[in-house]
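Peer 1: First the structure, then my questions, so here it is.
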Amino acid sequence: MIHEILPVGPLQCNCSVIGDEGTREAMVIDPGDDIEDVLALVRKHNLQVKQIVITHAHIDHVGGAMKLRAATGAPILLNQNDYALLKMLDVQAQWIGVPTPGKVDIDHSLGQADTVKAGTLMADVLHTPGHTEGSVCLYFPAEKMLIAGDTLFAGSIGRTDLPGGSFNKIISSLHEKVLALPDETVVVPGHGPATTIGEERQSNPFLVKR
Ligand SMILES: [Zn+2]
């Protein structure tokens, strides 16, 4: 598997370019910004982008999606529970002081137990509400890797004080769906360094059993 992680935009959202070495088909997850740099990685590996997956509709994760779709023709996937947030992109742009990216159109909703494919690569969708209502994580069972969006970070969890956030829901999502994964699973969060499920199960202050 080809996997490039590129921190994009002023909030340095981890954008993942994940490609099949055989078929050269790829998915791009969370193209928040800096689409020229994302496309340079796609070209560097001679990939064809088949899916644009958005873990949740915060501007730093979705801001560049339309530009990437225009360049690749790939559909944009987002859980439908975040469609309302997506309509507030101009408000979100004001929160962090960036220009509004304009309207983003979603091609398909993405829900619990759906799968996303690129070549022979396959990811299971985990619907993990809490940071937002429509937050999802992508689990690659063959590679034992989780793309966690802003649900889980190394040593922390996603904030729940923004519209659509719920502390109780994120804690339930983490215990029921994320911590159900094997300890050796590598976690690539939406921001900051990678970690593992085992590490977070043991030492994440929000997750250790009291
Ligand atoms: Zn977020």
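Peer 1: Please verify whether T185 is of a type in the set (S, T, Y) and either surrounded by 15 or more Cβ atoms within 10 Å (Cβ to Cβ) or within 13 Å of the ligand (Cβ to nearest atom) (or both), treating the condition exactly as stated.
Peer 2: Here the answer is yes, as T185 does meet what is asked.
Peer 1: Spot the failing condition for A113; the list is (1) of a type in the set (G, A, S); (2) closer than 15 Å to I29 by Cα; (3) assigned to a loop (DSSP other than H, G, I, E, B), and only one is missed.
Peer 2: With respect to (1) of a type in the set (G, A, S); (2) closer than 15 Å to I29 by Cα; (3) assigned to a loop (DSSP other than H, G, I, E, B), A113 is out only on (2).
Peer 1: Another question about this same structure. Among the numbered criteria (1) surrounded by 15 or more Cβ atoms within 10 Å (Cβ to Cβ); (2) farther than 18 Å from G149 by Cα, which single criterion is violated by Q92?
Peer 2: (2) is the only condition that Q92 fails.
Peer 1: Tally the residues that are in contact with a Gly (Cβ under 8 Å, 6 or more places away or on another chain) and closer than 19 Å to H56 by Cβ, restricting the search to segment 177-194.
Peer 2: 2
Peer 1: Looking at segment 166-182 only, could you name the residues that are without any contact (Cβ under 8 Å) to a residue 12 or more places away in the chain and either part of a loop (DSSP other than H, G, I, E, B) or within 16 Å of the ligand (Cβ to nearest atom) (or both)?
Peer 2: Within segment 166-182, A180 is the sole residue that qualifies.
Peer 1: Let me ask something else about it. Can you find a residue that is part of a helix (DSSP H, G or I), buried (at least 24 other Cβ atoms within 10 Å of the Cβ) and away from the ligand (no atom under 16 Å from the Cβ) anywhere in segment 54-63?
Peer 2: no
Peer 1: Which one is surrounded by the fewest Cβ atoms within 10 Å (Cβ to Cβ) among residues in segment 96-125 that are aliphatic (A, V, I, L, M) and under 21 Å from H58 (Cα atoms)?
Peer 2: I96
Peer 1: Out of A123, A113, report the one residue that is at pLDDT below 95 and either under 19 Å from V178 (Cβ atoms) or in contact with a Cys (Cβ under 9 Å, 6 or more places away or on another chain) (or both).
Peer 2: Testing whether each residue is at pLDDT below 95 and either under 19 Å from V178 (Cβ atoms) or in contact with a Cys (Cβ under 9 Å, 6 or more places away or on another chain) (or both) leaves just A113.
The values are calculated or read from the model by the stated rules, or taken from the named source; none is laboratory data. All values derive from a computational prediction rather than experimental measurement. Because the Cβ atoms are built from the backbone with ideal geometry, glycine has one as well, and the counts that use them run over all protein chains shown.
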